[in-house]
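These notes concern the structure reproduced below.
The values are calculated or read from the model by the stated rules, or taken from the named source; none is laboratory data. None of the values given here were measured: they were computed from a predicted structure. Cβ placement follows ideal geometry from the backbone for every residue including glycine, while neighbour counts extend to all protein chains displayed. Keep in mind that these areas ignore ligands, DNA and RNA; they rest on the heavy atoms of the full protein, side chains included. Shrake-Rupley method; radii C 1.70, N 1.55, O 1.52, S 1.80 Å.
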Amino acid sequence: MGNLQLSTCSNRKIDEKSKETLLSIQTNDADFTALDLAIHKNVVTRHGSCPRTISSWKQFGIIIGNNVRLRSLTLKGGYVEITAVELRCIKAFCKGLSRNQSIATLAFCDIPPSGEEMFSYFRPFFERNTNLENVTIIRSGISDEGMKYLCDSLRGLKCLKSVKLNRNFIGFDLIREFIATINELPELTELNLSGSMIDNAACTTLAKVLTNPKTKLKKLDLSENAIDDDGIFVLANALKRNNTLESLDLCGLDFDMLGWEALATLVCDTSSINSTFCSNHTIRKILPRRIIKSYLALNQIIDKGQVARQKVIEYHFVLNNFDVRPFMSMDPRYLVHVLAFFSRTREVSYYSDNISPCGQSVIFELLRNTPQIFHARKCYDL
């Protein structure tokens, strides 16, 4: 995979490497599928340079707009001041870029606040490119106005599946506005907000995304943020009503055993049989794993009905020595349903410190201690 880098240098003449690069893009060379575009003259480049005149950047945008091979485009700002001339160059570039239908990943890296206006320039590209699936912003400074540009550009995109906002300089109020916009992306499956000023208040906004009945979110990264036990409680309560999220990264957060207990209760609430059965059986990975590793092991099983039965058996019958007394006086009409519940449970091998118990052993204990089921007038098919 070719990885091209171009720069808006002050030279007006295009060197031979840049000519070669532009020709490869223009001719849809299959080797060039990823392009790194440096937007500042002081950013170090390896593959030649482009003139920074508005007309030349417009032409360059048209070339990429007509390309059908590029899959990834990254704009690098070097976190140095972006001039008004360079912004006009990017604006002209985006007019041609909006015709592109092949780019699936668009990334912004080290963009200073002086360059955040460019987010608004990409709106036509976002709206027209039905293949765009991933948007990433890394180590950039985003002010109130910049966040408005970004939210307006992303709002309502139907094709976007992944949004990564990593280690950016963003205020707490702004990140909440961004999360509210994320809730309007119907196909989003991955959200990475690591190191982006997420606090407990932002968790409340994020809870609305997790409890949205239409959400398809499967992976959420909240590592290296200002979240403590209170924020964990909010997230855990929201995930009780979520059946899509499979991975949650909480590395580097400042929460203690109270937070871990809330997560453990989320995955397996042992307060009652019904609570255990209605626990979250979808989430498979919570980082760092620590004490809830064994709780997550059962959730690896694809059949979630099987997961629920296994948890009920393991945490209410096997680990607690199975007290059959509550069943001994049960009406046989109801007892047969209990037996049917356990008969659908099979021995399952999974990665854990303990071996999963077999439902058949529970059935044996029930039958041995509840003989009234054999004297029922009606025969029930188990």
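Can you tell me which residue is surrounded by the fewest Cβ atoms within 10 Å (Cβ to Cβ) among those in region 85-96 that are in contact (Cβ under 8 Å) with a residue 40 or more places away in the chain and farther than 22 Å from Leu160 by Cβ?
Step one: filter region 85-96 for residues in contact (Cβ under 8 Å) with a residue 40 or more places away in the chain, giving 86, 89-90.
Retained after the next criterion (residues that are farther than 22 Å from Leu160 by Cβ): 86, 89.
Numbers: Glu86: 20, Cys89: 26.
Selected residue: Glu86.
Yes or no: region 70-87 includes at least one residue that is modelled with pLDDT under 90, out of contact with any Lys or Arg (no Cβ under 8 Å at 6 or more places or on another chain) and among the basic types (Lys, Arg).
Looking through region 70-87, at least one residue is modelled with pLDDT under 90, out of contact with any Lys or Arg (no Cβ under 8 Å at 6 or more places or on another chain) and among the basic types (Lys, Arg).
(1) open to solvent by 10 Å² or more (accessible area, probe 1.4 Å); (2) without any contact (Cβ under 8 Å) to a residue 40 or more places away in the chain: which one isn't true of Lys76, the others all being true?
(2)
Need a quick list: helices (runs of 4 or more DSSP H) entirely within region 316-382 having at least 2 residues that are modelled with pLDDT of 65 or more, surrounded by 12 or more Cβ atoms within 10 Å (Cβ to Cβ) and of a type in the set (A, V, I, L, M). Lay out the reasoning, then the answer.
On the way: elements: 325-328, 332-343, 359-369.
Passing ranges, in order: 332-343, 359-369.
Yes or no, residue by residue, for (1) among the small types (Gly, Ala, Ser); (2) open to solvent by less than 30 Å² (accessible area, probe 1.4 Å); (3) closer than 25 Å to Asp221 by Cβ:
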| position | (1), (2), (3) |
| --- | --- |
| Thr83 | no, no, no |
| Phe108 | no, yes, yes |
| Phe126 | no, yes, yes |
| Leu150 | no, yes, yes |
| Lys158 | no, no, yes |
| Ser162 | yes, yes, yes |
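Name the residue, out of Thr270, Thr244, that is surrounded by fewer than 20 Cβ atoms within 10 Å (Cβ to Cβ), in contact with a Ser or Thr (Cβ under 9 Å, 6 or more places away or on another chain), part of a loop (DSSP other than H, G, I, E, B) and at pLDDT below 95.
Numbers: Thr244 fails: at pLDDT below 95.
Exactly one of Thr270, Thr244 is surrounded by fewer than 20 Cβ atoms within 10 Å (Cβ to Cβ), in contact with a Ser or Thr (Cβ under 9 Å, 6 or more places away or on another chain), part of a loop (DSSP other than H, G, I, E, B) and at pLDDT below 95, namely Thr270.
Can you spot a residue in region 218-227 that is assigned to a helix (DSSP H, G or I) and surrounded by fewer than 21 Cβ atoms within 10 Å (Cβ to Cβ)? Break it down into steps so the answer makes sense when it comes.
From region 218-227, those assigned to a helix (DSSP H, G or I) are none; that's our starting set.
For region 218-227, residues assigned to a helix (DSSP H, G or I) and surrounded by fewer than 21 Cβ atoms within 10 Å (Cβ to Cβ): absent.
Taking region 107-124 as the region of interest, how many residues are outside any strand (DSSP E or B) and under 23 Å from Thr189 (Cβ atoms)?
Number of matching residues: 3.
In the set Asp303, Asp249, Asp254, which member is charged (D, E, K, R), open to solvent by 60 Å² or more (accessible area, probe 1.4 Å) and within 22 Å of Gly195 (Cβ to Cβ)?
Numbers: Asp303 fails: within 22 Å of Gly195 (Cβ to Cβ); Asp249 fails: open to solvent by 60 Å² or more (accessible area, probe 1.4 Å).
Just a single option satisfies the conditions, and that option is Asp254.
Taking only pairs six or more apart or across chains, which ones have beta-carbon atoms under 6 Å, a first residue in region 97-118 that is farther than 12 Å from Gly78 by Cα, and a second residue that is among the aromatic types (Phe, Trp, Tyr) and not in a loop (DSSP other than H, G, I, E, B)?
Qualifying pairs under 6 Å: Leu97/Phe125; Ser98/Phe125.
Which of the numbered conditions does Pro186 fail, given that it passes all the others? Conditions: (1) open to solvent by less than 30 Å² (accessible area, probe 1.4 Å); (2) not in a helix (DSSP H, G or I).
Every condition holds for Pro186 apart from (1).
When region 125-151 is examined, which residues are found to be out of contact with any helix residue (DSSP H, G or I) (no Cβ under 7 Å at 6 or more places or on another chain) and assigned to a helix (DSSP H, G or I)?
Glu127, Arg128, Glu145, Lys148
Which of the residues spanning region 154-184 are under 12 Å from the mean Cα position of the chain (by Cα) and closer than 20 Å to Ala238 by Cα? Reasoning before the result, please.
Here is the first cut: in region 154-184, the ones under 12 Å from the mean Cα position of the chain (by Cα) are 160-165, 182.
Across region 154-184, the qualifying residue is only Ile182.
Considering only residues of region 273-300 that are in a loop (DSSP other than H, G, I, E, B) and of a type in the set (Val, Ile, Thr), which is least open to solvent (accessible area, probe 1.4 Å)? Outline the logic, then answer.
In the first step, residues of region 273-300 are kept if they are in a loop (DSSP other than H, G, I, E, B); the result is 278-284, 288-289.
Within this subset, residues satisfying the condition of being of a type in the set (Val, Ile, Thr) are 282-283.
Details: Thr282: 24, Ile283: 2 Å².
My answer is Ile283.
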